[in-house]
Every structure is written in structure tokens, then in C-alpha cells.
Amino acid sequence: MSQKFTTKNPSKPTVGVLCSGGGSNLQVLIDRARTGELGGEIRWVVSNNGDAFALERARNAGIEAIHASAKSLGSLEAVEAKMLELIDRDQIKVLVLAGYMKAIPVSVIHRLNGRVLNIHPALLPAFGGVGMYGHFVHEAVLASGAMWTGVTIHLVTEKYDEGPIVAQRVVAVYPGDTPESLGARVLAMEHDTLWREVRTILERP
Ligand code: GRF
């Protein structure tokens, strides 16, 4: 089946996005790209999960949606090669990990040299590291009794969740919060934060 993609604008810097799940952060990027506020064009969305709603969001927006996993492509090496091919093909300026649940290949980090962004739903280095994702993060925040949590945007390096932080925004923890209520408030802050940091990198010469 042939797919139609939106017209490519060669004068705009290019963005690639990796997602594993619902893609609500991706949707904000799509919407802000459409209004011109992002200052760049999303060329493709790659997911390790063929059922990710994020891929559907991409297709609905006329953006190339690619399922790339060891299962779908045959090996982890093939996934790595696919990512590098897409980055080179579209001269990707910024790669955004918007809820991507897999480690990305070191070669991809090197190829983009400081232009891979990740979003984490807490104030790193607190509540980060292996196993700290999704509701586990908000459960740990509530269990700790912390009064504040938030959003971190950081550059991706070879060290998981430890790359240089480019933005943090604080979210209050309320008495009676559940992981769901807190998670929803943090996610709303993510939606207002990620695209701004993507824009900042896109604006750089
Ligand atoms: C967000 O909470 C993000 O911080 C984390 O994964 C979640 C993705 O949510 N890395 P969505 O797919 O953008 O809705």
C-alpha cells in the first residue's frame, strides 16, 4: 500500500521522533510543527511497538510511520541500521525520544552528537534510572513523601537518564494525589515543555 506524506520543505530543519506508546507528547510536536511554532518539520516517527498509537497519530498527520524492532526487522543491528539510514536520508537535526522505552544505539547518539533529547516525568537525578518509567515514577515520588516533582528534558548520552539537563519544570505534589492524578499533572507540564526545548535546539545554527 502506498502512503502519502506531507510536502517536504527543504528549508526547514528536520526532526525525527521515537515513541513506544500513546504519543501524546508527539501529538503536541505535530500540532506545534503545523502552526510553525516548532520551527522544524517532523520527517518520521519510529516505534519499537507496531501497535503504538503514536504511529497512528503520525499517519493521521501524513508523517512517515515506521515500526522498527528486532522482531519486525530481524535483528537489533537492522534496527540500528534503519535509524542511521533515516537520520542520514533526512539530515535529521534533532531526534526526540518521546516516550521511547528502548535504549537507543550508541551509534545513533554519536551520529547526532548532542542533538538527541529525552523527556523524563520527574526531576532528574531524582526518580530516574533503570525501572523508573511510567507509573513507577509517580508511585516512587508519592512513597517518598516529596512535595515536588516535575519534568526533565535532557540530552541523551551513553549513560541512561544521566545526560546534561536542558530544562526542568516543577510540579507540586498535592495531598491525596494518586499516581494517576499526579501523572496527569506532570504529563500536562511535559506537553508545555518538550516542544519548547526542541524548538530551542532547532533554532541553533
Ligand atoms: C511521558 O511521561 C514521558 O515523560 C515518558 O513517557 C511518557 C510518554 O507519554 N518518557 P506519551 O506517549 O507522550 O503520551
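Here, each number is a calculation from the coordinates, and none is a lab measurement. Bear in mind that the values here come from a model prediction, so they are computed numbers and not experimental data. Note that each Cβ is placed from the backbone with ideal geometry, even for glycine, and that neighbours are counted across all protein chains shown.
Below, the figures for the structure above:
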read-out: Förster-model FRET efficiency, 25 Å R0, Q168 and L76, C-beta, rounded to 0.05; value: 0.20
read-out: Amide H contacts of I66 (H built 1.01 Å from N, under 5 Å, at least 5 apart or other chain); value: V45, V46, S47
read-out: Whole-Hz couplings from phi, Karplus 6.51/-1.76/1.60, listed for segment 173-182; x for Gly and Pro; value: 8, 9, x, x, 4, 10, x, 6, 5, 5
read-out: Distance between modelled label sites at E56 and M101, nm, 7 Å Cα→Cβ extension; value: 1.6 nm
read-out: Förster radius 30 Å - calculated FRET efficiency between N113 and L142 (Cβ-Cβ, nearest 0.05); value: 0.20
read-out: Share antiparallel - DSSP beta bridges, the chain, percent rounded to 5; value: 40 percent
read-out: Whole-Hz couplings from phi, Karplus 6.51/-1.76/1.60, listed for segment 130-138; x for Gly and Pro; value: 4, x, 9, 8, x, 5, 4, 5, 5
read-out: Distance between modelled label sites at D192 and E180, nm, 7 Å Cα→Cβ extension; value: 2.4 nm
read-out: Share of alpha-carbon pairs per 10 Å distance bin for segment 1-138, given as whole %; value: 12, 42, 36, 9, 0
